[in-house]
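Colleague: Please find one structure pasted underneath; my questions will follow.
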Amino acid sequence: MADAITDAKEALSSMLGKLGFEFEVEVLGESGHETLNIVSDHSSLLIGKNGDRLDDFQYLVNRITRGSHPDAPRYRVDCDGYRAEQEQRVADKALKLADKVKESGRELWMNPMNSYHRRLVHNALVDDSEIETVSEDTDSRNKKILIRLK
């Protein structure tokens, strides 16, 4: 029986192959925190708008993998480093907004984000002793984050 990461890579490769893409899938990262990175000349088609297709591939890969390996970790699916760049942009924006809050003394709201991106913002600012972050209290899947002085 194959291990979970091998099955995850095979599931992703099968999906991409059936869609007619030419690609290579690399496994990056340490055990239990792997990323399946797609290398392709068609990255914009695979990434989709704001990474929505990557989210879909990631969801399907994890559902398929957990069918055979219920204890498998959640695997990330990336394409040509898109997610890493996107995560850095989110963290950089949070840091810039925190500086503006410190300068002006006024709180600022970030645009609505999914839970993963909100966690990136909270983590980017967690060590700043002058700033606190609060997610808005709604039932919406995408929520705003308030950045304010403590």
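Colleague: Using the alpha-carbon atoms, what tilt in degrees (0 to 90, nearest 10) does helix 115-125 show relative to the longest principal axis of the chain?
Modeller: The angle comes out near 50 degrees.
Colleague: Percent relative contact order of the range 4-80, based on C-alpha pairs within less than 8 angstrom and at least six residues apart? Intermediate values should be presented prior to the final figure.
Modeller: Details: 100 pairs, mean separation 28.4, N = 77.
Value for the range 4-80: 37 percent.
Colleague: May I ask you to compute the full-extension gain from HIS122 to SER140, defined as 0.36 nm times their residue separation minus their alpha-carbon distance, rounded to one decimal in nm? Before the final figure, lay out each step's value.
Modeller: Numbers: separation 18, 0.36 × 18 = 6.48 nm, distance 1.81 nm.
Computed gain between HIS122 and SER140 is 4.7 nm.
Colleague: What shape does the range 36-102 take by its C-alpha gyration tensor, where a ≥ b ≥ c are the square roots of the eigenvalues and a/c under 1.5 counts as rounded, a/b above b/c as prolate, and the rest as oblate?
Modeller: On the way: a/c = 3.16, a/b = 1.67, b/c = 1.89.
Verdict is oblate for the range 36-102.
Colleague: By how many degrees, between 0 and 90 and to the nearest 10, does the Cα long axis of helix 82-104 differ from the longest principal axis of the chain?
Modeller: For 82-104 against the chain, the angle is about 0 degrees.
Colleague: Let me ask something additional. Under 20 Å from a label point 7 Å along Cα→Cβ of GLU103: give me every residue in the range 117-136 with its amide N that close.
Modeller: Within reach of a label on GLU103, which here means backbone N under 20 Å from a point 7 Å along Cα→Cβ, the range 117-136 contributes 125, 128-133.
Colleague: Also: On a 0 to 90 degree scale, rounded to 10, what angle separates helix 4-18 from the longest Cα axis of the chain?
Modeller: Relative to the chain, helix 4-18 is tipped by roughly 80 degrees.
Colleague: Answer rounded, prolate or oblate for the range 85-149, using the Cα gyration tensor with square roots of eigenvalues a ≥ b ≥ c: rounded when a/c is under 1.5, else prolate when a/b is larger than b/c, else oblate. Don't jump to the answer; show the numbers that get you there.
Modeller: Working: a/c = 1.87, a/b = 1.29, b/c = 1.45.
Since a/c reaches 1.5 but b/c is at least a/b, the shape of the range 85-149 is classed as oblate.
Colleague: Past 19 Å, Cα to Cα, is the threshold; run LYS49/LYS100; LYS96/LYS150; LYS100/LYS150; LYS18/LYS49; LYS93/LYS143; LYS49/LYS96 against it and keep the listed order. Numbers along the way, then the final one.
Modeller: Values: LYS49/LYS100 29 Å; LYS96/LYS150 17 Å; LYS100/LYS150 14 Å; LYS18/LYS49 21 Å; LYS93/LYS143 16 Å; LYS49/LYS96 24 Å.
Violating the 19 Å Cα-Cα cut-off are LYS49/LYS100; LYS18/LYS49; LYS49/LYS96.
Colleague: With Rg and Dmax of the Cα atoms in Å defined as stated, name the option among (1) 15.5, 48; (2) 18.1, 59; (3) 16.7, 55 computed from the structure displayed.
Modeller: (2)
Any read-out appearing in this document is the output of simple, stated calculations on the displayed coordinates, not a laboratory observation. Just so it is clear, the structure is predicted and the values come from calculations on it, not from any experiment. With ideal geometry, Cβ positions are generated from the backbone for all residues, glycine too; neighbour counts draw on all protein chains shown.
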